[in-house]
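Scroll down for the structure; my scribbles are underneath it.
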Amino acid sequence: MIPASFDYKRASTVDEAVSLLSDGGEDAKLLAGGHSLLPLMKLRLAAPALVIDIGRLRDLSFVRDSGDRVVIGALTRHRDVEIDQTLRQHLPLLSHVAGQVGDPQVRHRGTLGGSIAHGDPASDLPAACLALGATFTAVGPSGSRQIDATDFFQGFLETALAPDEILTEISIPKATGAAWSFQKFNRRAQDWAIVGVAAVRGDRTGVALVNMGPTPLRATPVEEALAGGASDAEAAARAAEGLEPPEDLNASAEYRRHLAQVLVRRALEQARAA
Ligand SMILES: Cc1cc2nc3c(=O)[nH]c(=O)nc-3n(C[C@H](O)[C@H](O)[C@H](O)COP(=O)(O)OP(=O)(O)OC[C@H]3O[C@@H](n4cnc5c(N)ncnc54)[C@H](O)[C@@H]3O)c2cc1C
């Protein structure tokens, strides 16, 4: 439970963080809320030589109404996402999901950007971002670029971010008045999801899955079935199509496949009824 030794630097601007990342190369890691990185370091599953603390970059903690979108700074903590009035009005699915993450301590430390950059398939917020059609802004030595959430999650804890890039903003089209549902199946209230489903239905229909593969996933066959006029039950039956969910102490892969179909159906029915 004691991490390998590492150097620690605190960045006071995004540019400084990028410059420190560039100098540190593959051996450098950003530290935001620390609620995913530090457990990995304590288990020695991660051993960065340099930890760059971005937790005090207050400029990256904001929620901004930007016309037909809402833009959220990467350092915005889960609790702030949960209670922000702009998000509650225009992206209630995201606010609700933030309120379901871990326990109050986790929600007061963990950041939206950290959750996305970590790319854990068992995380709740990446699924909400996928369902809502989010776009992420990454800043690196050669400037900034936009990455669609669908292209962002590339493998187990692997994302489209380059080692010298920092995620700065999450931009999401408003889904004001859209029906939505988040189904999180776990044994105890504060546990990670055994399987989770985020769904939104309105101008945009999006369905995404938690803990059903190596990355946070869009339920593309479900979305396609709905677009083709399938009933909720018919669409939900395709929830696990082509997926290879993990096996662990909580559930077999077969159980997760079954659960995904049940939860997608519940999510679609709740989102229709809302
Ligand atoms: C007890 C416990 C229970 C939890 N339960 C849940 C749960 O139920 N659901 C859930 O979704 N999550 C859960 N989490 C995870 C929690 O949400 C984390 O806070 C979140 O996943 C990571 O955010 P962070 O700010 O803590 O990131 P950190 O741990 O600081 O960083 C995580 C990774 O992302 C990188 N990173 C961070 N910020 C950036 C950035 N801006 N740009 C580029 N890279 C960056 C870091 O270098 C690191 O590799 C739990 C965590 C704990 C400890």
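How far is it, in nm, from the label point at ASP103 to the one at GLU269 when both lie 7 Å from their Cα along the line to the Cβ?
Roughly 3.4 nm, to one decimal.
Across every pair of different alpha-carbon atoms, what Kirkwood hydrodynamic radius in Å does region 1-144 reach? Write out the running numbers ahead of the final one.
Numbers: mean 1/r = 0.0630 Å⁻¹.
About 15.9 Å, per the Kirkwood formula over Cα pairs.
Taking a temperature of 25 °C and a viscosity of 0.890 mPa s, what whole-number D in µm²/s does Stokes-Einstein yield for region 7-52 with Rh from Kirkwood over alpha carbon pairs? Display every interim value, and only then the final one.
Working: Rh = 10.8 Å.
In µm²/s, the coefficient rounds to 228.
Which residues does a label at THR86 reach in region 171-192, if reach means a backbone N under 13 Å from a point 7 Å past the Cα toward the Cβ?
171-174
Under 25 °C and 0.890 mPa s, how fast does region 184-268 diffuse according to Stokes-Einstein, given a Kirkwood radius computed over C-alpha pairs? Answer in µm²/s, whole number.
Values: Rh = 12.8 Å.
Translational D for this selection: 192 µm²/s.
Restricting to Cα atoms and excluding each atom paired with itself, what does the Kirkwood estimate give for region 62-173 in Å?
Mean inverse Cα-Cα distance, inverted, gives 13.8 Å.
Just the Cα atoms of the chain: what Rg and Dmax do they give in Å?
Rg, Dmax (Cα atoms, Å): 18.2, 56.
In debye, nearest 20, what is the charge dipole magnitude of the chain about its Cα centre with +1 on Lys and Arg Cβ and -1 on Asp and Glu Cβ, if you could check? Intermediate values should be presented prior to the final figure.
Numbers: 28 positive and 34 negative charges, 180 e Å.
Value, rounded to 20: 860 debye.
Each value in this text was obtained by applying a stated rule to the coordinates, not by laboratory testing. Not measured: the values here are computed from a predicted model. FYI the Cβ positions are ideal-geometry reconstructions off the backbone, even for glycines, and counts take in every protein chain you see.
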